[in-house]
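Okay, structure first, notes after.
We did not get these values from a lab; they are worked out from the coordinates using the rules stated. Since this is a predicted model, take the numbers as computed values, not measurements. Every residue, glycine among them, receives a Cβ derived from its backbone with ideal geometry; neighbour counts consider all protein chains shown.
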Amino acid sequence: MNGINRRRVLRGLLNGGAVTVALPLLNCFLNGNGTALANGTPIPVRFGTWSWGLGMNKDIFVPKKLGANFDLPEEIAMLAPVRDRINLYTSFNGFRDAAPNLCHKTGWVIARTGIAPMNQTDLPGETIDVTIAKKIGGTTRFQTLTATATGDVRDSFSYENVNSINIADWSPVQFYAKLFGDDFQNPNAAEFKPNPRVMVRKSVLSGVMESSKDLSNAVGAEDKARLDQYFTGLRDLERQLDQQLQKPDPRPACVLNSAPKEDPNPGLDVELVGARHKMMTDIMVMAVACDQTRVFNMAYAQSAAATSKAGYDKPHHTASHEEAVDAKLGYQPQTSWFIRRALDHWAYYVEAFSKVKEGDSTLLDNMLIYATTDQALARIHSIDNQPMFTAGRAGGRIKTGLHLEGGGTPSTRLGLTAMKVFGLDVSSWGTQSNTSSKEIGDMLV
């Protein structure tokens, strides 16, 4: 390298502020085969989630064949283009123990926290994305990003606790501006200088943090807990501002698309939700490629999905309970139609990441995406045999193209496996019957 590396810059001053001018993005910034930066730093591995509502119809969803080259029954036939990039997990169960089966909540909360909630307001533990973000999300501008295709800011499946829910971005226009607006520092730009607005915010925030040190000692225990949570948020903001004042590492995969001109019309018709999902997905892909975050979440629908269909008088959730089972088909055809539309967009989500070249592989190869739902058979609110997916190879640590069966073991085995893949020092995950200490070994390289 002859002393040249991605940190090599020209330094100077402009109007009293430090200015650095970086070298352009060169091939020598990657190693010989494109698997790491030239100094040996590996290309980062990211974690994402995706969610859909109201589960599946087992007879037309679950493949008969296990392992590689599994068959694609009609409800998942649209996954053919991505079959070799995903894994499907069936016959894994959530256990409620002494907790009630809270319709459209118990299943997804167990899958994402390992704990059965006790009531509709209970959000126990923290979701798996938050746990993994504490390990890998500290060096990016956003520790996590959470988005929804529903158009409703409340539709988030990510939280630290009941008082700290990661609010979902819902507007493509606003999401793009948040990520790539005036405060965005292009990692591949030839020149870099600190943003004066960010410098002012950092200065003001530092003053606020300094003046607040004694405040928590003057209030009661409940208010102290609230203040601690609030100050945690401020410290995360301070970290974001610090990150924006440093020259980011080059990211060859970071290529920006044009900003969306307008949001899709509001509403839950599948066409509108689909358009919103595609726009939010494309923006999220850019955010990850540009290293704005390494942990991200996307919701296609609410847990009790309310997507609607032109010419049909019931939304998905209502249909799942009121539509008759077709005697010839053996399932509810309209309900299945809604599930198929959701999985169309799971396929789009996976393909979108797979199309971005990164080193000698793709963005998808350098991540693990964990997809969950709220029920198995929504008509009876079953949480046994809830299907799960993963996508991506986590930097070569995960095998793909597999149908894996759990034999009734806890669904938390998948979450535990993901945590270990990302280097978390955990021997088990979950509580009571949802406790798992056994990884899914067949998915590991």
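What to note about this one:
- When all alpha carbon pairs of segment 349-396 are counted in 5 Å bins from zero, the resulting P(r) reads 6, 20, 21, 14, 10, 11, 9, 5, 2, 0 %.
- Taking 1.306 mPa s as the viscosity and 10 °C as the temperature, the Stokes-Einstein diffusion coefficient of segment 358-445 based on its alpha-carbon Kirkwood radius rounds to 113 µm²/s.
- For the peptides 415-422, 260-267, the ranking by mean Cβ contacts within 10 Å, running from highest to lowest, is 415-422, 260-267.
- Reach of K438 by Cα under 22 Å, taken over lysines that are not fewer than 8 positions away in the same chain: K135, K399, K420
- Segment 128-175: mean projected area of Cα convex hull, nm²: 3.7 nm²
- Placed amide H near G406: partners under 5 Å, 5+ positions off or other chain: T90, S91, F92
- In terms of surrounding Cβ atoms within a 10 Å radius of their Cβ, S308, S320, S258 rank from fewest to most as S258, S308, S320.
- For segment 240-324, taking the reciprocal of the average inverse distance between every pair of different Cα atoms yields a Kirkwood hydrodynamic radius of 15.8 Å.
- Note on K355: aspartates and glutamates with a C-alpha under 15 Å away, same-chain residues under 8 apart excluded, are D84, D282, D365.
- Candidate lysines - alpha carbon under 18 Å from K193, same-chain residues fewer than 8 apart omitted: K202, K247
- Just so you know, the averaged projected area of the alpha carbon convex hull for segment 107-201 sits at 8.1 nm².
- Taking only the Cα atoms of segment 30-166, the radius of gyration and Dmax are 18.6, 56 Å.
- Report note on the peptides 64-77, 150-163, 106-119: ranked by the mean count of other C-beta atoms within 10 Å, highest first, their order is 106-119, 150-163, 64-77.
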